[in-house]
Amino acid sequence: MGITDKPVRFVTNTHHHGDHTGGNAPFSNAGSTVIAQDNVRKRLISGGTAGNGPGGSIHMEDKPAEKAALPIITFEHDGAQSQADKADYIPTD
């Protein structure tokens, strides 16, 4: 996929927005395991509306995601900013 010559084993989604989940299907199809909070999976299955509220200037419709784009490993909400967020810690050494 041009990112590395090594296999990408895991992809983590910090939340359900397309700029964070849009690469799920190509990575999944290449053999990566997608990990996300359970509510991310639910939101990707159902689709929905996103934006900055009634009368706001941003309004986006999200179609339900294809099966390959759905997280395989999920976990319960852990008290992040919203009910579909998570944070990752990646040590540098």
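Where a number appears in this text, it was derived from the coordinates with a stated rule and is not lab data. All of these numbers come straight from a predicted model, not from anything done at the bench. Cβ sites come from the backbone with ideal geometry, for glycine too, and all protein chains shown count toward neighbours.
Quick notes on this one:
- Extended-chain gain in nm, criterion 0.36 nm per residue less alpha-carbon gap, K63 and I3: 18.9 nm
- Note on T74 and F10: their simple-model spin labels are 1.8 nm apart, each label 7 Å out from Cα toward Cβ.
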